[in-house]
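Worksheet for the structure shown next.
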Amino acid sequence: MVNRIKVLSVGSLGRRNEISIFRKEQGESLKKLGINIDYFNIKGHGFFCYLKNLPVLRKKIKEKNYDLIHAHYGLSGLLSVLQRMVPVVITFHGSDIWQSNIRKISLVASYFSRWNIFISKNLRYNAKCFRKRKSSIIPCGIDLKKFFPVKKLEARKALNMEINKNYVLFSSSFSNKIKNYPLAKEAIKYTHNTKLMELKGYNKKEVNLLMNACDLLLVTSFKESGPLVVKEAMACNLPIVSTNVGDVQEVISDTEGCFITKYDLKDVAEKIKKALNFGKKTSGREKVRQYEMNSIAERIKVFYLKALEIENIR
């Protein structure tokens, strides 16, 4: 049965007009399980532009005879359920629940889908009006072959970073307002000989080196769902200081060298000092093996089969 399942992954293109790395990696993991994955990339932005893709989507379904659609984000989910030809599984990632205008669209899409996936408990909790009886929590997966511990000195030399300086890795671009860079910038001033590094413009190999070269990862975000950057840092055994967003507390729980902070300048600064004083690798990698990409794909496959069983019963 599994070898005959044909799934169409539906989503928008990224900033570089490419399929997101997340969709690609998830697709490759599912292919290893014998599931055939194709991609439908939505052209345009905004509600009405999404709807213009509906005739093209229906045509592709007819031509390739797919068994199932896996849509990512609420708008893609709505487009997908409107085709009414094959069952739909939707993954909700965060902004499609938080933003009030998109939240309503997501609610409609979730009602007509066969199964809904939320990437964290926190996200499903904030989606209180969604039908829980047909939803599951499946985090985004990480590739443990691409994120792994490297000696700090070796990583710093590879990136031409100073040996005797403290480096704090910020979780994203400084310009991303939801990541709350101003708080991070001010908190760093309380530490000596410390530089805040912007996580922007690096490929995955470089990010792995950067995580191993830095002394800690700092997350000051206002909102997150299940930030991959935290799981990737854990895979590198990097100490973490983070606000209590998304599934971070669950992921770093009881990991020595990792700290949850309030939205308070002095508390953030104090937790940064504690992480710097910890001064060594954590045991984080062992705690994130459950998020390994192939394990996550196995869980997704279960709900593909469940969605098809529901369709057959109906």
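The values are calculated or read from the model by the stated rules, or taken from the named source; none is laboratory data. As the structure is a computational prediction, the values presented were derived from the model and not from experiment. Here the Cβ positions follow ideal geometry from the backbone for every residue, glycine too, while neighbour counts run over all protein chains shown.
Filtered by the rule that a residue be within 24 Å of the chain's Cα centre (by Cα) and of a type in the set (S, T, N, Q), segment 115-168 gives ASN116, SER120, ASN122, ASN126, SER135, SER136. Candidates are the residues of segment 13-68 that are out of contact with any Lys or Arg (no Cβ under 7 Å at 6 or more places or on another chain) and either in the same structural domain as PRO227 (by TED's automatic domain parsing) or of a type in the set (Gly, Ala, Ser) (or both); the one that is nearest to ARG299 (Cα to Cα) is SER29. Right, SER100: surrounded by 14 or more Cβ atoms within 10 Å (Cβ to Cβ), at pLDDT below 90 and outside the structural domain of VAL230 (by TED's automatic domain parsing) or not? Answer is no for this residue. If we scan segment 22-41, do we find a residue that is farther than 26 Å from LEU228 by Cβ and not charged (D, E, K, R)? No, that holds for no residue. Scanning segment 1-36 for residues being modelled with pLDDT of 95 or more and touching an Asp or Glu at 6+ places or on another chain (Cβ under 8 Å) gives a total of 4. Name the residues in segment 190-203 that are touching a residue at least 60 places away in the same chain (Cβ under 8 Å) and either surrounded by 15 or more Cβ atoms within 10 Å (Cβ to Cβ) or among the charged types (D, E, K, R) (or both), would you? Hits for segment 190-203 are THR191, THR194. Given the criteria assigned to a helix (DSSP H, G or I), outside the structural domain of VAL89 (by TED's automatic domain parsing), out of contact with any helix residue (DSSP H, G or I) (no Cβ under 7 Å at 6 or more places or on another chain) and touching a residue at least 12 places away in the same chain (Cβ under 8 Å), does LEU308 qualify? No, not satisfied.
Restricting attention to segment 76-96 and to residues that are crowded, with 22+ Cβ neighbours inside 10 Å and hydrophobic (A, V, I, L, M, F, W, C), the residue that is farthest from LYS60 (Cα to Cα) turns out to be PHE92.
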